[in-house]
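The values are calculated or read from the model by the stated rules, or taken from the named source; none is laboratory data. Everything quoted here is computed from the prediction, not taken from an experiment. Here the Cβ positions follow ideal geometry from the backbone for every residue, glycine too, while neighbour counts run over all protein chains shown.
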Amino acid sequence: MTEQRDLSPSNPAAEPPARICVAAVAGAHGVKGLVRLKPFTEVPEDCVAYGPLSSADGSRTYAVKLMGQVKAMLLARMEGVTDRNQAEALRGTRLYVDRAALPEPEADDEFYHADLIGLSAMLQDGTVLGRVQAVYDFGAGDTLELTGTADGNTLLVPFTQAIVPKVDIANGRLIVDPPKGLLDIADPNSKDQDGGSET
Amino acid sequence: MARSVWKGPFVDGYLLKKADASRESGRNEVIRTWSRRSTILPQFVGLTFGVYNGHKFIPVQVNEQMVGHKFGEFSPTRTFFGHEADKKARRR
């Protein structure tokens with residue numbers, strides 16, 4: 001989860017996030033100040049691999065050491081938290097790392113979700129389609145969800161070389177070359193090639 | 001021989017016709033379908049389907065690994081969107 005950003009189409013410059021939420025404190029464990037962390041990273045243990053974690057407002061920084069695992073949660077010791085009361089007080093705290101602390105993706109065609117979200121999607125002629133709101137993978141490859149489209153619906157775009165030929169993170173945009181029917185896929189009045197009949 | 005083998009994979013007839021028409025025309029277009037129960041056949045590879053999930057059409061670009069599965073498997077009806085954190089997307 002990234003920090004709350006204004007991704008509305010009216011916001012011309014949705015900056016990439018400076019910090020990324022990698023975990024949240026779910027509660028206390030035991031009486032010696034251990035906390036249960038709910039990790040949001042792809043590999044759960046990586047939530048502490050990118051350096052010290054900070055609170056949402058950035059006012060506190062914690063050095064975190066993993067101590068074990070309980071079900072889907074990680075047990076961790078946070079610097080300065082020595083008893084259960086202090087650990088309980090942190091319940092619900094979201095923990096962030098700087099975006100710059102994440103290693104650059106290894107492959108050319110790999111992008112962090114956090115970098116893609118907020119990009120402006122436009123056609124090759126410069127027409128703005130919307131803004132990337134989320135990235136999903138339903139099993140058929142990654143899919144970008146665009147919001148702020150002209151008809152007000154969200155639009156799903158397969159994240160492939162053919163359909164998204166250019167991703168320009170530095171300038172905050174990506175180019176979409178949609179196949180016929182993709183832009184009006186949600187339109188109930190759009191006709192299929194057999195006249196819209198399914199029976 | 002198992003019944004499922006001699007009977008062959010199930011595909012709704014109209015979807016087969018649509019896919020054949022699209023492939024023969026050579027046009028790159030999204031084929032909207034409500035037939036989540038249809039099996040993905042080898043001749044669908046390379047085509048893009050919009051598979052209805054009860055709410056919207058999820059674009060599914062068919063590749064070799066999907067053959068034998070049903071369309072509905074790639075268009076979930078309930079989703080937990082999760083957190084992005086350090087997750088990466090790969091452009092195929």
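Conditions: (1) modelled with pLDDT under 90; (2) in contact with a strand residue (DSSP E or B) (Cβ under 6 Å, 6 or more places away or on another chain). A:Ala87 meets all but one. Number of the miss?
Going through (1) modelled with pLDDT under 90; (2) in contact with a strand residue (DSSP E or B) (Cβ under 6 Å, 6 or more places away or on another chain) one by one, A:Ala87 breaks only (1).
Checking A:Ala89 against (1) on the phi < 0 side of the Ramachandran plot; (2) not acidic (Asp, Glu); (3) not assigned by TED's automatic domain parsing to the domain that holds A:Gly27, which test does it fail?
(3)
Of everything in region B:1-56, what is of a type in the set (Ser, Thr, Tyr), touching a Pro at 6+ places or on another chain (Cβ under 7 Å) and more than 10 Å from chain A (Cβ to nearest Cβ)? Give them in sequence order. If you could, list the steps in order and put the result at the bottom.
Of region B:1-56, the ones of a type in the set (Ser, Thr, Tyr) are B:4, B:14, B:22, B:25, B:33, B:35, B:38-39, B:48, B:52.
Now restrict to residues that are touching a Pro at 6+ places or on another chain (Cβ under 7 Å): B:39, B:48.
Result: B:Thr39, single match.
Within the bounds of region B:21-32, is there any residue that is among the hydrophobic types (A, V, I, L, M, F, W, C), crowded, with 21+ Cβ neighbours inside 10 Å, more than 30 Å from A:Val97 (Cα to Cα) and in contact with a His (Cβ under 6 Å, 6 or more places away or on another chain)?
Checked region B:21-32: no residue is among the hydrophobic types (A, V, I, L, M, F, W, C), crowded, with 21+ Cβ neighbours inside 10 Å, more than 30 Å from A:Val97 (Cα to Cα) and in contact with a His (Cβ under 6 Å, 6 or more places away or on another chain).
Within the bounds of region A:8-18, is there any residue that is within 14 Å of the chain's Cα centre (by Cα), modelled with pLDDT under 90 and crowded, with 19+ Cβ neighbours inside 10 Å?
yes
How about region A:20-68: which of its residues are surrounded by fewer than 16 Cβ atoms within 10 Å (Cβ to Cβ), in contact with a Pro (Cβ under 8 Å, 6 or more places away or on another chain) and assigned to a strand (DSSP E or B)?
A:Thr61, the sole residue that qualifies.
Return the only residue of A:Leu144, A:Leu75, A:Leu102, A:Leu90 being more than 29 Å from B:Val62 (Cβ to Cβ) and touching a Phe, Trp or Tyr at 6+ places or on another chain (Cβ under 8 Å). Before you say what the answer is, go through the steps one by one.
Working: A:Leu144 fails: more than 29 Å from B:Val62 (Cβ to Cβ); A:Leu75 fails: touching a Phe, Trp or Tyr at 6+ places or on another chain (Cβ under 8 Å); A:Leu90 fails: touching a Phe, Trp or Tyr at 6+ places or on another chain (Cβ under 8 Å).
Criteria check complete, one pass: A:Leu102.
Of everything in region B:57-84 that's surrounded by fewer than 16 Cβ atoms within 10 Å (Cβ to Cβ) and facing chain A (nearest Cβ under 7 Å), which residue is nearest to A:Ile20 (Cα to Cα)?
So, considering only residues that are surrounded by fewer than 16 Cβ atoms within 10 Å (Cβ to Cβ) and facing chain A (nearest Cβ under 7 Å), the one nearest to A:Ile20 (Cα to Cα) is B:Phe81.
Go through region A:15-51 and count every residue that is under 30 Å from A:Ile169 (Cβ atoms) and in contact (Cβ under 8 Å) with a residue 24 or more places away in the chain.
First pass over region A:15-51, keeping only residues under 30 Å from A:Ile169 (Cβ atoms): A:15-24, A:37-51.
Then keep just the ones that are in contact (Cβ under 8 Å) with a residue 24 or more places away in the chain; that gives A:15-24, A:37-40, A:44-48, A:50-51.
Final tally of qualifying residues: 21.
Of the conditions (1) at negative phi; (2) without any contact (Cβ under 8 Å) to a residue 24 or more places away in the chain; (3) more than 22 Å from the chain's Cα centre (by Cα); (4) surrounded by 14 or more Cβ atoms within 10 Å (Cβ to Cβ), A:Ile185 satisfies every one except a single condition; which number is it?
Answer for A:Ile185: the failing condition is (2).
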